[in-house]
1. Could you grab me the full set of residues in the stretch 40-55 that are aliphatic (A, V, I, L, M) and closer than 16 Å to Ile387 by Cβ?
2. Find all pairs meeting these conditions: Cβ atoms under 8 angstrom apart; at least six residues apart or on different chains; first residue within the stretch 269-285 and basic (Lys, Arg); second residue at pLDDT 95 or above.
3. In this structure, is Ser196 surrounded by 15 or more Cβ atoms within 10 Å (Cβ to Cβ), more than 22 Å from the chain's Cα centre (by Cα) and either aromatic (Phe, Trp, Tyr) or within 20 Å of Ile123 (Cβ to Cβ) (or both)?
4. Please determine whether any residue of the stretch 202-223 is closer than 27 Å to His355 by Cα, acidic (Asp, Glu) and in contact with a strand residue (DSSP E or B) (Cβ under 6 Å, 6 or more places away or on another chain).
5. So how many residues does the stretch 316-353 have that are closer than 30 Å to Ser108 by Cα, touching a residue at least 60 places away in the same chain (Cβ under 8 Å) and surrounded by fewer than 21 Cβ atoms within 10 Å (Cβ to Cβ)?
6. When you go through Gly21, Gly55 one by one, which is the residue that is more than 25 Å from His329 (Cβ to Cβ), free of Cβ contacts under 8 Å to residues at least 40 places away in the same chain and not aliphatic (A, V, I, L, M)?
7. What number of residues within the stretch 95-111 satisfy the criterion of being over 16 Å from the mean Cα position of the chain (by Cα) and in a strand (DSSP E or B)?
8. Output yes when any residue across the stretch 33-47 is in a strand (DSSP E or B), at pLDDT 95 or above and among the charged types (D, E, K, R), and no when none is.
Amino acid sequence: MKYALVIPDGCADEPQPSLGGKTPLQAARIPHMDAVAKAGIVGEVDHVPASMPSGSDVGTMSLFGYDPLRYHTGRAPLEAAAQGISLGPDDWAVRCNLVTVLDGVMKSFTAGQVPNDTARTLIETLQRDQCGDPHWKFHPGVSYRNLLMYRGRGEASPFASDTDTTPPHDVTDQPVEKWLPKGQGSDLLRGLMQRSEALFADAAVNRERTARGELPVTNIWLWGQGKAPALTPFVERFGVRGAVITAVDLLRGLGRLLGWKIVEVKGATGYLDTDYAAKGRAAIETLKGDVDFIVVHVEATDEASHEGHADEKVKALEQIDHHVVGPLHAWLKSQGDYRIVVSPDHPTFLRTKTHSHGYVPFAMCGAGITPDSAATYDEAAAAHSSIHMPGYELMPMFLGRGRQ
């Protein structure tokens with residue numbers, strides 16, 4: 001049997017005045033997601049424990065069937081795995097965003113979607129500045145998403161459980177001072193962030209961006225620190241071979257740690273301009289091989305919320321429905337027994353432009369699933385369901401290994 005999970009990242013939301021009092025899911029034309037709901041069941045799951053920060057690192061770990069309270073160590077180690085960077089027992093990974101802070105306010109957690117070549121130049125500048133310290137090494141990633149590694153050499157750990165950092169996308173349009181790192185090791189992180197501000201102010205690429213009327217990259221923002229997690233491979237846990245399609249490093253890294261195939265798709269950007277149709281085609285082609293289970297992750301809905309654009313969030317949902325859910329479900333139905341589920345990893349509210357805690361809706365149909373009375377896929381339909389459970393219970397249920 002073939003299985004598919006589609007993740008419209010952060011799509012769960014509140015009713016929006018600009019959408020006539022509807023949530024983006026209710027306002028969007030999503031006939032294929034509604035068809036999954038009509039053919040199967042709709043319910044609510046909570047992927048992010050209240051004691052943990054809301055984010056895709058926690059939410060997707062839960063969505064894949066792993067209790068984050070047990071397995072989660074931090075976001076950055078997952079992204080390190082995506083880049084093939086191994087962590088020793090004394091090593092730490094730290095997420096390194098390139099951001100724009102003007103007059104003490106976070107104007108852009110992406111530095112205006114800084115291009116890869118500019119980002120790499122600035123990360124290399126940082127690394128040259130740190131060449132005298134063997135503990136720290138910067139690694140360029142994609143655009144604003146980069147990494148900083150701390151390589152331990154037998155010394156006491158620089159960080160601890162009280163080391164508190166905040167994702168920059170949770171600080172959009174806010175003064176940054178109260179969100180700077182706190183706790184053990186925060187002086188190290190703050191010092192590096194301050195040093196980057198001085199270095200970037202003199203960078204030629206920044207002068208060029210300012211001259212073109214683009215946002216400058218003012219400094220780095222360090223967060224999401226963690227050590228290497230220990231995850232049981234997915235095939236050992238659930239007995240199916242998996243693959244993931246995503247443009248986001250943390251999903252690639254988590255997939256790699258679970259033993260999944262990482263499917264690269266040309267045109268997948270992790271933003272609103274991603275090639276939705278290419279992702280849908282790649283999902284089908286992957287399932288034609290020796291893979292039992294495909295995950296298709298789309299970041300665009302989350303990005304629209306971070307930018308506060310309700311209309312773009314609706315458009316992204318419609319693109320996911322038309323180009324991913326529709327073709328993938330049609331192909332699965334033509335192949336025999338199958339199951340498909342649609343679920344975000346966490347809510348991301350347009351009102352706050354940040355990730356939030358709380359239940360998100362899922363829709364699931366396929367072999368052995370008895371349909372309920374739901375006719376649409378949205379928050380209201382899920383709230384009326386009898387299914388309300390921790391997120392990590394969804395995967396065993398979906399794969400027929402647990403709750404039905």
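The values are calculated or read from the model by the stated rules, or taken from the named source; none is laboratory data. What you are looking at is a predicted structure, and each value in this text was computed from that prediction instead of being measured. Cβ sites come from the backbone with ideal geometry, for glycine too, and all protein chains shown count toward neighbours.
1. Within the stretch 40-55, Ile41, Val42, Val45 meet the criteria.
2. Lys279/Ile245; Lys279/Val265; Lys279/Val296; Lys279/Val298; Lys279/His323; Lys279/Val324; Arg281/Pro327
3. Considered against the rule, which asks whether it is surrounded by 15 or more Cβ atoms within 10 Å (Cβ to Cβ), more than 22 Å from the chain's Cα centre (by Cα) and either aromatic (Phe, Trp, Tyr) or within 20 Å of Ile123 (Cβ to Cβ) (or both), Ser196 comes out as yes.
4. No; the residues of the stretch 202-223 include none that is closer than 27 Å to His355 by Cα, acidic (Asp, Glu) and in contact with a strand residue (DSSP E or B) (Cβ under 6 Å, 6 or more places away or on another chain).
5. 4
6. Criteria check complete, one pass: Gly21.
7. Selection size over the stretch 95-111: 9.
8. Checked the stretch 33-47: at least one residue is in a strand (DSSP E or B), at pLDDT 95 or above and among the charged types (D, E, K, R).
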